[in-house]
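Here is the structure we will look at.
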Amino acid sequence: MTSHVVVIDSSARRAVVKVTATKHLSDVLEEACSKLGTSPSQYGLKHNNKLVDLSRTFRLSGLSSGAKLELVQLSRSASVVSVALQLPEPEGNTRLTDKFPSTTTLWLVLRKFEAGVAGDASTKRNLTARAAPATNDGSSGAGRLYYQTPVLQVMSRELSSFTDLQKTLAQLGFNSGSMLIRLNFRTSETPLEEAMVQIAEYFKSGNEGEDNKEEGQDRTAPEAPSEARDLNPASSEADVPASEALTETSPSETTRATADPSTSIPSAQRAQPTSTGRPVQIFSPPTSNTPSAVLATYNPADYVPSIEHAKAHQRHLQEKSRNARLPSEAELAEQETAEAEKLKTLKDVEIKIRFPDQSSAVSTFGQEDTGAGLYAFVRDDCLDEKWKGEKFLLSYSASKGWVFVPDDPNKRLIRHLGLKGRVLVNFKWDENGGASMAALATKDVLKGERKKEAQVLKPPEMPATAVEGDEEGVKVDLGKKEDEGGEKKKRGVPKWLKLPGKKS
């Protein structure tokens, strides 16, 4: 007896779909939508109020014959799917990974990996316009070039025709999570020039502006689609010429942060130029073990909340009391893209390097400065000659805790590490990287000329506020209040704070 399932839409219409053990549920959805007159890209299937994994076959889905499936409408916004492409042996037998919207077709996935927009951006490959010579009737000599069709293996399904490659990730049942695509090539009986004409007819969508591929066409620098730039903002930024990128950070703009009186560093302390031409400010270590904040006069009025504080606290409680859904993967991707766009607009970042003896060096770094440049600045412009050969590490505070700055010329401080504003970087000897015992035992690492330039970092002076007993100030007494007779009595519990029950 042939197995079947029943698909019911929101208007109680039914569609009976015959299934086999190896039939994928995505095919069941397409067949049901064609009978009900709906688009399969906008709908999914539910069984017992649970979404069905459309990438599975009927045998692995856990459904029984005659199961009733509910046709539900999916979110209109595309979700993000992590795609891993396993290349065949001729292409190095490597695996490329990247994230794509669920509305991306298989052909566009291949094109983005091919152009270097996705995956390894430094390597460009030929995945969709391959050809192999063939001989006629076994005769020797080079024959005509025949098109090599890309064959995609997705789970237990093989996709090789142009019609199959037009399917989106969602049509294959992948609306979220991750998927693995194994790529192989099969030499077809279609000549290359005819296959190029068929490709141009099949893939004329707006997302495929670079599909006019002819034999001998230069494919080394394809223009990245706008959708690919949204997925990988760093790749579009890497296409900017070096001359334009250097003009974004001029010397006057670089030194502006150090001369800004709004920062905590006094404007009178001028930055001294270094051997690399980068201005730097050196501050001597503190002379006392007592923090300067402890020396401030205690004033109870500093701890009295104002009306603005009370209103802000009420707004915070109201926001936390509302039910809020977690952001989707698409929204998280949009947030990452927006954060990358913000980082591109930054001109420079002010970095303060704190050494083991609590002395510090402050300088500014631009968009083109890398982690290796920061290490070179500390090694050449700050450390004494006898310590330049020692291994050290630089760490900064990130969202996941303290993270080491990579000594990599390809990792930029602003774009890749996300440094912005004013950042504190700690200097530490690399105990596991070969630092000598003498280096581990010393804390005085600055060179002599930098010590002479060192200035004392004075904390900002707080405005004097009168405390209890000061005739010119405002008296603050939180514990007692005076009654009509002039005697002080202990303040009772406010009316708004009293709990229900016995009233005293």
_If every alpha-carbon in region 386-428 counts as one equal scatterer, what log10 I(q)/I(0) does Debye give at q = 0.13, 0.14, 0.20, 0.21 1/Å?_
-0.32, -0.36, -0.70, -0.76
_Rounded, prolate or oblate (a/c below 1.5 giving rounded, otherwise prolate when a/b exceeds b/c) for region 295-427 by Cα gyration tensor_ = oblate
*Over region 300-444, what is the mean sequence separation of C-alpha contacts under 8 Å (at least six apart), divided by residue count, expressed as relative contact order in percent?*
28
_On a 19 Å Cα-Cα criterion, which of the cross-link pairs K347/K411; K420/K447; K347/K451; K23/K46; K352/K420; K344/K411 come out too long?_
K420/K447; K347/K451
_Placed amide H near K347: partners under 5 Å, 5+ positions off or other chain_ = none
*First check a/c for region 62-115, with a ≥ b ≥ c the square roots of the eigenvalues of its C-alpha gyration tensor; if it is under 1.5, answer rounded, and if not, answer prolate when a/b is larger than b/c or oblate otherwise.*
oblate
*To the nearest 10 square angstrom, what accessible area does R412 show with a 1.4 Å probe?*
60
*Shape call, region 7-85: gyration tensor on alpha carbons, a/c limit 1.5*: oblate
*Distant-in-sequence amide H partners of R59 (H built 1.01 Å from N, under 5 Å)*: K23
*Under a 5 Å amide H to amide H cut-off, with H placed in plane at 1.01 Å, what residues pair with D9 once short-range neighbours are removed?*
L71
*Roughly speaking, what is the stretch gain from H47 to S399, that is 0.36 nm per residue apart minus the C-alpha to C-alpha distance, in nm to one decimal?*
122.7 nm
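The values are calculated or read from the model by the stated rules, or taken from the named source; none is laboratory data. Just so you know, these numbers come straight off a predicted model, no measurement behind them. Accessible surface is based on the protein model in full, side chains and every heavy atom, while ligands, DNA and RNA are left aside. Shrake-Rupley method; radii C 1.70, N 1.55, O 1.52, S 1.80 Å.
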